[in-house]
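Asker: Structure incoming, see below.
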Amino acid sequence: MNKTLLQINVNGQQHQIEIEPDMTLVDVLREKLGLTGTKKGCNSGECGACTVLLDGQPVASCVLPALKAQGKQIITVEGLGTAKELHPLQKAFLVHGAVQCGFCTPGMLMSAKALLDKNPSPTPEEIKMAISGNLCRCTGYKKIIDAVMAAAAELRGEKTITMPTVGEQVVGSSVPRVDGIPKVTGQAKFADDLSFPNMLYAKVLRSAHAHALIKNINTKRAKALPGVIAVLTADDVPGRNGYGIHIKDQPVLAKDKVRHYGDAVAVVAAETLKIAEQALELIEVDYEPLPGVFTVEDALKPGAPKIHPNGNLVLHRKVYKGDIEKGFQEADVIIEDTFKTPMVEHAYIEPEAGIGVYDGGKIIVYAVSQGVHYHRSEIAANLNYPVSKIRVVQTTTGGGFGGKIDNSVHILVALLALKTGRPVKLTYTRAESIIASTKRHPFTMRYKLGARKDGKLVAAEVEIYGDTGAYNSYGTAVLTRVATCALGPYEVPNVKIDTYTVYTNNPVSGAMRAFGAPQAAIAHEAIMDELAKKIGISPVEIRRINAFRKGSATPTGQILNDGVGILETIERAVEKSGMH
Amino acid sequence: MNCEKYYLPATVEEAINILRENQGNARLIAGGTDLVLQLRERKINTKALVDLSALKELNGITENNGWITIGSMTTHQQIAASGIIREKARVLAEAAQSIGSPQIRNVGTIGGNVVNAQPAADTTIALMALDARARILTNQGEITKPVGELFLGAGQSAIDPTSEILLAFDIKTPGAREATAFMRLAKRKALALPIVNVGVWLKLDQTLSKFEDIRIALGPMAPVPVRATNTEAVLKGAPLQQTVLLQAMAVLEKEISPRDSLRGSAFYKKEMAKVLLKRAILVAVKDLGGELGE
């Protein structure tokens, strides 16, 4: 490829760099100048994590051809302030708790700087507009807006931001977060920010079908491409070709069958990312498409296509208490309804990324994670390698919400490091992250409640079907958890709860914030309102009557003796809302 | 981005010569906020890119002899912030302001927005309401075309980016009894494509009691941006009355054919197009001090 000379001024320093003409500015900053404070979240101009100032204006550097910056001035987060001399914005972000995972922070800071450079006294509305191109998944934006207001005040010379210091008394006092300063200065190293000498780049070939048999995989042409170091398929997995926290049903690389659009079929390691991408196009896979099932109803029909050999029902969990028939006989009012909640993507701003390093017999994986010990044990089993020789290092992780507790890049980079003996980096694209990562389980929930005329619940019959997608992941745990909390904070003497974990050919559902409880809350709160209406009492009253209190028994028979705060919470909410 | 060469010509002449020399293997890039993605996903392939951003002559907004001229490389941000546009062609200022995010508006251009040829491109809808003329440099020399004639299909522009250069848009400066308005429905206020967008230009009669003339542009109602000419016909010459507006909404429903998409059902888009049309007309009429009677 032709090289072109790019002359730019970055953070006050003049650079002359030889680049490929089709590089984007973010890649020049990160790869050529090592300025990894500028992040790549979506690589499509949507998330704002790559925001830098180009001649003072915020731009999305991931969709900006680097040559558009020819002869121009660029400021990145590294040019904003240093650990020793923080910019007021950096201080304010720390003090106001506007930094959590830290991945959106550099872009957010740059948009805020562009605003304050032009407008020293912005209103909250103007701040919202200025950061409208920067997505954050952790903070909820309010703290960010507060921080920008505070920084503006300091810049106007009105009010200095005081950084908390760690004194003798730590408990009960504000202390700076340990990873705060690296996150506001762009120094925190997320997985994709790391690189090693002699490093290779990996890409995954993903299934083109939701359900199909693999008849043949031909990697010959891909292997012959200059710069390709390894092309691996299921036969190259030395140990158990299956992983999963509870059931080892998900293949590292699919062997005879793919079960969802996104299953990993082959993985390539090459000298450059571009070569790895080209190699994927040269891998030939012969599929024999199979009929797929995409709803729990279809998956449980007699004669439905079997996604796994044992059928599509993974687990039926029962929580029964009292006498359900007697309970409904005692009821003056019976109410029934069905609720459905959709699949939800975690959409952390940092896509999955990791690097496998082979170091004299040891395999070290640096990667995003919410559970390094789990990754370590899976890698050992999949690679048939002693667990004592595997180390998993969690890099600064740009949002997880449960989605980074599962394996993503981990086993593949370990496998590639072992096979090639070289460091191998794998970073998902945004599309790949959405296709291949786990989701919140979609639920279908059938509720039947029985209550006396006075509003007291006497019976509850609940059926919950959770779509765990092609593999179980945390499915059985999520559906077990919801079996225990399907009735929310309400005491019912006679209970019959059945939950079903079901395979479909949808994306895999796994762990996500609160593990099934939020889906059930949609159902139990909606039906409680309906029940109140039917009986003719207020939504508050029906909750007061039925809420857990000291000594209440949950559906599993657990007696609640301490810390039962729901009644108090209801009263406080009533007080604050003015509702009675 | 997948290209082998990247040119940054200093003049329009140099740019057109590079295109000619490359005989179809080079294509123009404006802001690139859409094109870079299309190249990365290989939806568009080219050997070379010819970047027009160094061409000062294609950038800027001027007003001369009753015409407003907007260079094709003028960014959405420049348009949204322009005093001339805000004051005289509000529909365009608001359309430009609604695109993407600050990061995108600082780079994306009006020319790129039009040549990308999406059926609901915000600035296109505004330009069609303003009856803008596009000046294009072709192999036959400079030609002028109404913006409405620049679309062949979804994503298909009548301007060939491997041989032709969109230079500028000319808009007749609106006169005393003329006003414009832009309405847009999207899931969020930023980084969201429109579910429906409507641009209106209208002229009232001397007594401010009748629609003397009107132009209505909408997206995404068909594979290309559309003018609602039947609806315009109902309103032209009609009195400023609620009943007339209701009649126009009924005609609009018949003349648009949106499709079901992730952004909304066809039914919803039709209903909202009617609502947005009504709101746009009310805003423009109010701007002129007019009022709708019963």
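The values are calculated or read from the model by the stated rules, or taken from the named source; none is laboratory data. These figures come from a predicted structure and were not determined experimentally. Quick reminder, even Gly has a Cβ in these numbers, built from the backbone with ideal geometry, and neighbours come from all protein chains shown.
Asker: If we scan segment B:100-107, do we find a residue that is buried (at least 24 other Cβ atoms within 10 Å of the Cβ), at pLDDT 95 or above and in contact with a Phe, Trp or Tyr (Cβ under 9 Å, 6 or more places away or on another chain)?
Answerer: Scanning segment B:100-107 turns up no residue that is buried (at least 24 other Cβ atoms within 10 Å of the Cβ), at pLDDT 95 or above and in contact with a Phe, Trp or Tyr (Cβ under 9 Å, 6 or more places away or on another chain).
Asker: Somewhere in segment B:250-259, is a residue assigned by TED's automatic domain parsing to the domain that holds B:GLU212 and on the phi > 0 side of the Ramachandran plot? Show your work before the answer.
Answerer: Step one: filter segment B:250-259 for residues assigned by TED's automatic domain parsing to the domain that holds B:GLU212, giving B:250-259.
Add one more test, that the residue is on the phi > 0 side of the Ramachandran plot, and what stays is none.
Within segment B:250-259 (the criterion being assigned by TED's automatic domain parsing to the domain that holds B:GLU212 and on the phi > 0 side of the Ramachandran plot), the answer is no, since none of the residues qualifies.
Asker: Looking at A:GLY97, A:GLY107, A:GLY81, which one is assigned to a helix (DSSP H, G or I) and not aromatic (Phe, Trp, Tyr)? Write out each step before concluding.
Answerer: Details: A:GLY97 fails: assigned to a helix (DSSP H, G or I); A:GLY81 fails: assigned to a helix (DSSP H, G or I).
None of the other options fit; the residue is A:GLY107.
Asker: I'm told A:LYS326 meets every condition in (1) exposed (fewer than 14 other Cβ atoms within 10 Å of the Cβ); (2) within 26 Å of A:GLY469 (Cα to Cα) except one. Can you identify the failing condition by its number?
Answerer: Of the numbered conditions (1) exposed (fewer than 14 other Cβ atoms within 10 Å of the Cβ); (2) within 26 Å of A:GLY469 (Cα to Cα), the odd one out for A:LYS326 is (2).
Asker: Quick check: is even one residue across segment B:46-55 of a type in the set (Asp, Glu), away from chain A (no Cβ under 14 Å) and either closer than 25 Å to B:ALA179 by Cα or free of Cβ contacts under 8 Å to residues at least 60 places away in the same chain (or both)?
Answerer: In the first step, residues of segment B:46-55 are kept if they are of a type in the set (Asp, Glu); the result is B:51.
After this cut, where a residue has to be away from chain A (no Cβ under 14 Å) as well, the list is none.
There is no residue in segment B:46-55 that is of a type in the set (Asp, Glu), away from chain A (no Cβ under 14 Å) and either closer than 25 Å to B:ALA179 by Cα or free of Cβ contacts under 8 Å to residues at least 60 places away in the same chain (or both).
Asker: Right, here's the next one. Hey, which of the helices (runs of 4 or more DSSP H) in segment A:340-452, taking only ones fully inside, have at least 2 residues that are touching a residue at least 40 places away in the same chain (Cβ under 8 Å) and surrounded by 24 or more Cβ atoms within 10 Å (Cβ to Cβ)? Quick ask: steps written out before the conclusion?
Answerer: Details: elements: A:372-383, A:410-420, A:430-436.
Filter on segment A:340-452 gives A:372-383, A:410-420.
Asker: Determine if segment B:119-140 includes at least one residue that is at pLDDT 95 or above and within 14 Å of chain A (Cβ to nearest Cβ).
Answerer: no
Asker: Being part of a helix (DSSP H, G or I), within 14 Å of another protein chain (Cβ to nearest Cβ) and touching a helix residue (DSSP H, G or I) at 6+ places or on another chain (Cβ under 7 Å) is the filter here, so list the residues in segment A:127-147 that pass it.
Answerer: First, the residues of segment A:127-147 that are part of a helix (DSSP H, G or I): A:127-130, A:142-147.
Add one more test, that the residue is within 14 Å of another protein chain (Cβ to nearest Cβ), and what stays is A:127-130.
Those that are part of a helix (DSSP H, G or I), within 14 Å of another protein chain (Cβ to nearest Cβ) and touching a helix residue (DSSP H, G or I) at 6+ places or on another chain (Cβ under 7 Å): A:ILE127, A:LYS128, A:ALA130.
Asker: Considering only segment A:59-79, state which residues are under 24 Å from B:TYR7 (Cα atoms) and of a type outside the set (Gly, Ala, Ser). Walk me through how you get there before you give the answer.
Answerer: Step one: list which residues in segment A:59-79 are under 24 Å from B:TYR7 (Cα atoms), which gives A:59-74.
Hits for segment A:59-79 are A:VAL59, A:CYS62, A:VAL63, A:LEU64, A:PRO65, A:LEU67, A:LYS68, A:GLN70, A:LYS72, A:GLN73, A:ILE74.
Asker: Another one. Are any residues in segment B:156-177 under 28 Å from B:LYS274 (Cβ atoms), touching a helix residue (DSSP H, G or I) at 6+ places or on another chain (Cβ under 9 Å) and at pLDDT 95 or above, and if so, which ones?
Answerer: Passing the criteria: only B:ILE171.
Asker: Still on this structure, I have one more. Answer yes or no as to whether A:HIS96 is more than 10 Å from every other protein chain (Cβ to nearest Cβ), of a type outside the set (A, V, I, L, M) and surrounded by 22 or more Cβ atoms within 10 Å (Cβ to Cβ).
Answerer: Details: more than 10 Å from every other protein chain (Cβ to nearest Cβ): yes; of a type outside the set (A, V, I, L, M): yes; surrounded by 22 or more Cβ atoms within 10 Å (Cβ to Cβ): no.
So A:HIS96 fails the test.
Asker: Here's something else I'd like to know. Which residue pairs have Cβ atoms closer than 6 Å, lie 6 or more positions apart in sequence or on different chains, and pair a first residue in segment A:61-80 that is within 13 Å of another protein chain (Cβ to nearest Cβ) with a second residue that is basic (Lys, Arg)?
Answerer: Note: pairs meeting the criteria are A:CYS62/A:LYS40.
Asker: Does segment A:50-60 hold any residues that are more than 9 Å from chain B (Cβ to nearest Cβ) and at negative phi, and which are they?
Answerer: Taking segment A:50-60 as the starting set, the residues that turn out to be more than 9 Å from chain B (Cβ to nearest Cβ) are A:52-53, A:55-56.
Matches in segment A:50-60: A:VAL52, A:LEU53.
Asker: Looking for something assigned to a helix (DSSP H, G or I) and in contact (Cβ under 8 Å) with a residue 60 or more places away in the chain - is there at least one such residue anywhere in segment A:192-210?
Answerer: Taking segment A:192-210 first, the residues assigned to a helix (DSSP H, G or I) are A:192-193.
Then keep just the ones that are in contact (Cβ under 8 Å) with a residue 60 or more places away in the chain; that gives A:192-193.
Checked against the condition, which is being assigned to a helix (DSSP H, G or I) and in contact (Cβ under 8 Å) with a residue 60 or more places away in the chain, segment A:192-210 yields at least one hit.
Asker: Within segment A:3-15, does at least one residue satisfy the condition of being facing chain B (nearest Cβ under 8 Å), over 22 Å from A:GLY107 (Cβ atoms) and part of a strand (DSSP E or B)? Spell out the reasoning first.
Answerer: The first filter runs over segment A:3-15 and keeps only residues facing chain B (nearest Cβ under 8 Å), leaving A:4.
Now narrow it down to the ones that are over 22 Å from A:GLY107 (Cβ atoms): A:4.
If we keep only those that are part of a strand (DSSP E or B) too, we end up with A:4.
So far as segment A:3-15 goes, yes, one or more of its residues are facing chain B (nearest Cβ under 8 Å), over 22 Å from A:GLY107 (Cβ atoms) and part of a strand (DSSP E or B).
Asker: Looking at segment A:16-30 only, could you name the residues that are in contact (Cβ under 8 Å) with a residue 12 or more places away in the chain and either buried (at least 22 other Cβ atoms within 10 Å of the Cβ) or not in a loop (DSSP other than H, G, I, E, B) (or both)? Steps first, please.
Answerer: Kept after step one, since they are in contact (Cβ under 8 Å) with a residue 12 or more places away in the chain, are these residues of segment A:16-30: A:17-30.
Passing the criteria: A:ILE17, A:GLU18, A:ILE19, A:ASP22, A:THR24, A:LEU25, A:VAL26, A:ASP27, A:VAL28, A:LEU29, A:ARG30.
Asker: Still on this structure, please answer the following. List pairs: first in segment A:133-150 and aromatic (Phe, Trp, Tyr), second in a helix (DSSP H, G or I), Cβ under 6 Å, 6+ apart or cross-chain?
Answerer: Close Cβ pairs satisfying both conditions: none exist.
Asker: Let me ask something else. Could you check B:LYS203 against (1) of a type outside the set (Gly, Ala, Ser); (2) at pLDDT below 95; (3) outside the structural domain of B:ILE68 (by TED's automatic domain parsing) and say which number it fails?
Answerer: (2)
Asker: Moving on. May I ask you to list the residues in segment B:168-196 that are assigned to a strand (DSSP E or B) and either β-branched (Val, Ile, Thr) or within 13 Å of chain A (Cβ to nearest Cβ) (or both)? Lay out the reasoning, then the answer.
Answerer: As a first pass, look at segment B:168-196 and keep what is assigned to a strand (DSSP E or B): B:168-172, B:178-185, B:196.
Scanning segment B:168-196 gives B:ILE171, B:THR180, B:VAL196.
Asker: Next question, about the same structure. Go through the residues of segment A:264-272 one by one and say whether even a single one is out of contact with any His (no Cβ under 9 Å at 6 or more places or on another chain) and within 30 Å of A:PRO555 (Cβ to Cβ). Before you say what the answer is, go through the steps one by one.
Answerer: Filtering segment A:264-272 for residues out of contact with any His (no Cβ under 9 Å at 6 or more places or on another chain) gives A:264-272.
Subsequent filtering for residues that are within 30 Å of A:PRO555 (Cβ to Cβ) retains none.
Scanning segment A:264-272, I find no residue that is out of contact with any His (no Cβ under 9 Å at 6 or more places or on another chain) and within 30 Å of A:PRO555 (Cβ to Cβ), so the answer is no.
Asker: Considering only segment B:1-38, state which residues are closer than 21 Å to A:CYS42 by Cα, out of contact with any strand residue (DSSP E or B) (no Cβ under 8 Å at 6 or more places or on another chain) and either more than 11 Å from chain A (Cβ to nearest Cβ) or without any contact (Cβ under 8 Å) to a residue 40 or more places away in the chain (or both).
Answerer: If the condition is that a residue be closer than 21 Å to A:CYS42 by Cα, out of contact with any strand residue (DSSP E or B) (no Cβ under 8 Å at 6 or more places or on another chain) and either more than 11 Å from chain A (Cβ to nearest Cβ) or without any contact (Cβ under 8 Å) to a residue 40 or more places away in the chain (or both), then B:LEU37, B:GLN38 are the ones that fit.
Asker: If B:GLU87 satisfies all but one of (1) surrounded by fewer than 20 Cβ atoms within 10 Å (Cβ to Cβ); (2) within 14 Å of another protein chain (Cβ to nearest Cβ), what's the number of the condition it fails?
Answerer: (2)
Asker: Here's something else I'd like to know. Hey, could you check segment A:106-126 for residues that are of a type in the set (Gly, Ala, Ser) and within 13 Å of chain B (Cβ to nearest Cβ) and say which is nearest to A:LEU29 (Cα to Cα)?
Answerer: So, considering only residues that are of a type in the set (Gly, Ala, Ser) and within 13 Å of chain B (Cβ to nearest Cβ), the one nearest to A:LEU29 (Cα to Cα) is A:GLY107.
Asker: I need the full set of residues from segment A:67-86 which are within 18 Å of A:GLY45 (Cα to Cα) and more than 30 Å from the chain's Cα centre (by Cα), in order please.
Answerer: A:LEU67, A:LYS68, A:ALA69, A:ILE74
Asker: Continuing with the same structure: Would you say B:GLY112 is part of a loop (DSSP other than H, G, I, E, B), modelled with pLDDT of 95 or more, closer than 26 Å to A:GLU46 by Cβ and within 14 Å of another protein chain (Cβ to nearest Cβ)?
Answerer: Details: part of a loop (DSSP other than H, G, I, E, B): no; modelled with pLDDT of 95 or more: yes; closer than 26 Å to A:GLU46 by Cβ: yes; within 14 Å of another protein chain (Cβ to nearest Cβ): yes.
No, not satisfied.
Asker: I'd like to know if segment A:34-49 contains one or more residues that are at pLDDT 95 or above, more than 9 Å from chain B (Cβ to nearest Cβ), outside any loop (DSSP other than H, G, I, E, B) and within 23 Å of A:PRO182 (Cβ to Cβ).
Answerer: no
For (1) without any contact (Cβ under 8 Å) to a residue 40 or more places away in the chain; (2) hydrophobic (A, V, I, L, M, F, W, C); (3) touching a Lys or Arg at 6+ places or on another chain (Cβ under 7 Å); (4) closer than 30 Å to B:LEU19 by Cβ, each residue gets a yes or a no:
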site: B:THR144; (1), (2), (3), (4): yes, no, yes, yes
site: B:LEU152; (1), (2), (3), (4): no, yes, no, yes
site: B:SER157; (1), (2), (3), (4): no, no, no, yes
site: B:PHE211; (1), (2), (3), (4): yes, yes, yes, no
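Asker: Here's something else I'd like to know. Go through segment B:12-39 and count every residue that is more than 23 Å from the chain's Cα centre (by Cα) and either buried (at least 24 other Cβ atoms within 10 Å of the Cβ) or over 25 Å from B:GLN77 (Cα atoms) (or both).
Answerer: Matching residues across segment B:12-39 total 13.
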